[in-house]
1. Across the stretch 434-468, what is the total count of residues that are closer than 19 Å to E61 by Cα, in a loop (DSSP other than H, G, I, E, B) and of a type in the set (A, V, I, L, M)?
2. Among the listed residues L261, L274, L320, L316, identify the single one that is modelled with pLDDT of 95 or more and more than 16 Å from the ligand (Cβ to nearest atom).
3. Please work out which residue is farthest from the ligand (Cβ to nearest atom), limiting yourself to the stretch 289-309 and to residues that are closer than 14 Å to S159 by Cα and touching a strand residue (DSSP E or B) at 6+ places or on another chain (Cβ under 7 Å).
4. Within the stretch 469-495, how many residues turn out to be in a strand (DSSP E or B) and within 15 Å of the ligand (Cβ to nearest atom)?
5. Output the number of the condition that K87 fails; it satisfies all remaining conditions of (1) touching a residue at least 40 places away in the same chain (Cβ under 8 Å); (2) within 21 Å of the chain's Cα centre (by Cα).
6. Taking only pairs six or more apart or across chains, which ones have beta-carbon atoms under 6 Å, a first residue in the stretch 395-414 that is under 18 Å from E3 (Cα atoms), and a second residue that is assigned to a loop (DSSP other than H, G, I, E, B)?
7. For the stretch 76-116, name all the residues that are in contact with an Asp or Glu (Cβ under 6 Å, 6 or more places away or on another chain) and within 18 Å of I299 (Cα to Cα).
8. Using the structure shown, decide if I447 is free of Cβ contacts under 8 Å to residues at least 60 places away in the same chain, within 16 Å of the ligand (Cβ to nearest atom), out of contact with any Phe, Trp or Tyr (no Cβ under 8 Å at 6 or more places or on another chain) and farther than 30 Å from V76 by Cβ.
Amino acid sequence: MSEKIHKVPDDFATLAHLRQADYQRLYQESIRDPNGFWARIGRRLDWIQPYTKIKDTSFDEHDFRIRWFYDGKLNVAANCLDRHLLKRGDKTAIIWEGDDPRLSEHISYRQLHERVCQCANALKSLGVGPGDRVTIYLPMIPEAAVAMLACARIGAVHSVVFGGFSADSLAGRIADCGSSVVITADEGLRGGRRIALKENVDEALKASGTQCVKHVLVTRRLGSNVSMQKGRDRWFEDLLQGQSKECPAAAMDAESPLFILYTSGSTGQPKGVLHTSGGYLVFVAMTHELVFDLREDDIFWCTADVGWVTGHSYVLYGPLANGATTVMFEGVPSYPDAGRFWQIVDKHAVTLFYTAPTAIRALMREGEEPVKQWSRRSLRLLGSVGEPINPEAWEWYHRVVGDGRCPVVDTWWQTETGGILISPLPGAIDQKPGSATLPFFGVQPAIVDNEGNMLDGVAEGNLVLIDSWPGQMRTVFGDHARFVETYFRTFPGKYFTGDGAKRDADGYYWITGRVDDVLNVAGHRLGTAEIESALVAHPKVAEAAVVGCPHDVKGQGIYVYVTLNLGETPSEELRTELRNRVRQEIGAIATPDFIQWAPSLPKTRSGKIMRRILRKIAANEHDQLGDISTLADPGVVDSLIRERLNGSD
Ligand code: PRX
C-alpha cells in the first residue's frame, strides 16, 4: 500500500458539488434512512408515475428480494433525451470520434432523439415489444447508442455483445436470452483493422439455439460487400428512413428489465446479468454527477466500449441522464500513434477523462513524449476503472497526464453493481494512489474472513456488501437460482463481490483483485472455466487448467497448463492451434499468453485441481507454494516447476 496522500486541491474543492463535511453527513444519512435519502435522489429523474415505495430488499436466501422505487413508472430513454430537449435541444449529446482521426461527428440531443425515435419505430415495425430481447453487436458508433436507447424507449431489453467476441460467443449469448432481432454493422474498424461483424453474425446464426432470431439489421459502417439473407437481413438505414421521428416513450415499471449484459463468473459459461430501469438510472446518474463532479459545460470521455458495463453506465446512460456531452471513441489508444488519447482530449476539449489502468500502463511504456505533445489544458479530472491500479501507474497518470493538477478517482465496481460503489468524491475525499478509498452513498462494504466473520478496523479478507443499493443487478437472466447461489450463498445474507480487499486505518479500501477463478485481463473479465472448456474441446487435450499470471501491461496474463492425451506429443504447431481455438471460441481477448505442457496437474486426493499452486508456479514464486502435503502426488509440482524454469513457452 502506498503511504502517499494526495489532498483534495483547494481550488477543486471550492467549486465541487460536495466537500468533506458533505460526504460524511450524506453518507450517514444514506445509511440511517435509505428510504428518505433515495426518495429525494430519485426525484432527479422524470417519473411518469411517481413512486411512493422506495426500498424493499433482503439478501436472506429465504426471503430474498431486491426492489427499488417499485411502484413508480418511467421511461429510461425519455429521461436520457426528451426531458433535455427544452433546455438542451441543441447541446451536443454525443461527440463521435472515428478510428480515423479525420472523422468525427457532433450529435445534438434533438438529433439523437429523432434517430432514437426512428429506430424505436423501426423495431416496432418488426414486432418488437416490451420485454423482447434485442442483441446489439456493433462497433463504437452512434448507432450503438441509438439502438440501445430505442430498445429502452419501447421497453425492449438490449443485450450488447462486445464486437471483439467471436461468432461462437455471440451465438451463446443470442441463444441464452432468445433475441428476436440482432443489430450489427457490415464491418467494424479498430486501429485500422477491419472486424467482420456481419460475417460473425451469419456464422453465429448457424449455431443451434439461435433460431429465435427473425431479423438482422445491418448498419453500413464501411460500405463493405456483405451477404444479405433475404427475408432476414435488412439495412438499418433503409429501415429507419421512412420512420416517423416521433415515438411515444413506453411507461415502464421501475423494476422492468432494461438490459442484459453477459459476464464471466468462476464457473460455467458467462451469465446474463440483468439490470432494471428505475434504480439503475437513478444510481448511474447520481454517481456520474458526483464522482466526476459534473458541470453543465463538461465534455466527458469514458474510453470504454459499450460492450462492457462501463460503456453502458458511463458512456451512455449516466451522462445522457445528466444531459451531459459524452465522447464515444471508435478506436484504440495506440492508433495512429501513442498520442491519440491526448490528441482527442485537445480536439474536443475534454474535461473529464475516464479510462482503465491497462491503457495507462501501456501508454506509460511509450514515455512522456506522446503525452507532452498535446496541451491537455482542458482536463480537470481523471478516472480509473476496471482493475487495481498500481501506485506507479496512478502517479504517472496524475503527474504526466494531469500535470499534477487533476484529482484522480479510482472507481471500484462491477457489471453486477451497475455503477460505481467505492471511489473518492473528488472535492471531498483525499486520494491515496492504489486505493479506491471510501464507499459511495448507500453502499455498505465490509470485509469478512473465509468463515464469514466480519472483520473490524484494519483488516484484509473478502469484500462483501451488506445491503442493497439501487443499481444492483436483479437476477441472472433465466436462472434466478444461479444468481442467489453465486452471490449470496458463500457468505449468507451478504453480497459477495468475488474480490479481496484491505481496509486501512483511515477506513480506506484497497481492492487486491479477484479471489475466485475469474481473470481480469487488460480490464476484461474472463472466466478460467470458459477458457478451459475451449481447450479441452480439442481432440488432443486431456485436461487444461487456466490461471492468471502477473503481466506488466495487462495486469493479468492468461497462463495455461495443458495435459495432452496419451500418445500425443507437444509441438509449436499444437500450441498455435490451441491459441487459435480459444480465439475462435471466445475472442482475441482470451488468447493465452503462455501455454505450458503439463504431464499431469496437481490435484487433491478428491481430484480437485490445486490452482493456488499453479498460480504460484506461473508467477515464478516457487518458494511460496505453501502446504502441498494434501496433494495426491506431490511429485507433480517439481516437474511443473522444472518445466517452468526451462522456459516451456
Ligand atoms: O476485480 C474487480 C475489478 O473488476 C471486476 C469487475 O469486472 P467487470 O464486471 O468487468 O467490471 C469492470 C468495470 C466496472 C471487479 O470485481 N475492478 C473493477 N474496478 C476496479 C477493480 N479492481 C480494483 N480497482 C478498481 N477500481
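1. 1
2. Every option except L320 fails the conditions.
3. V306
4. Summing the residues that are in a strand (DSSP E or B) and within 15 Å of the ligand (Cβ to nearest atom) in the stretch 469-495 gives 2.
5. (2)
6. E395/P433; P407/P426; V409/S423; V409/P424; V409/P426; D410/I389; D410/A436
7. W96, G98, S104, S108
8. Considered against the rule, which asks whether it is free of Cβ contacts under 8 Å to residues at least 60 places away in the same chain, within 16 Å of the ligand (Cβ to nearest atom), out of contact with any Phe, Trp or Tyr (no Cβ under 8 Å at 6 or more places or on another chain) and farther than 30 Å from V76 by Cβ, I447 comes out as yes.
The values are calculated or read from the model by the stated rules, or taken from the named source; none is laboratory data. What you see is a predicted model; the values in this text were computed from it and never measured. So basically every Cβ, Gly included, is an ideal-geometry build from the backbone, and we count neighbours across all protein chains shown.
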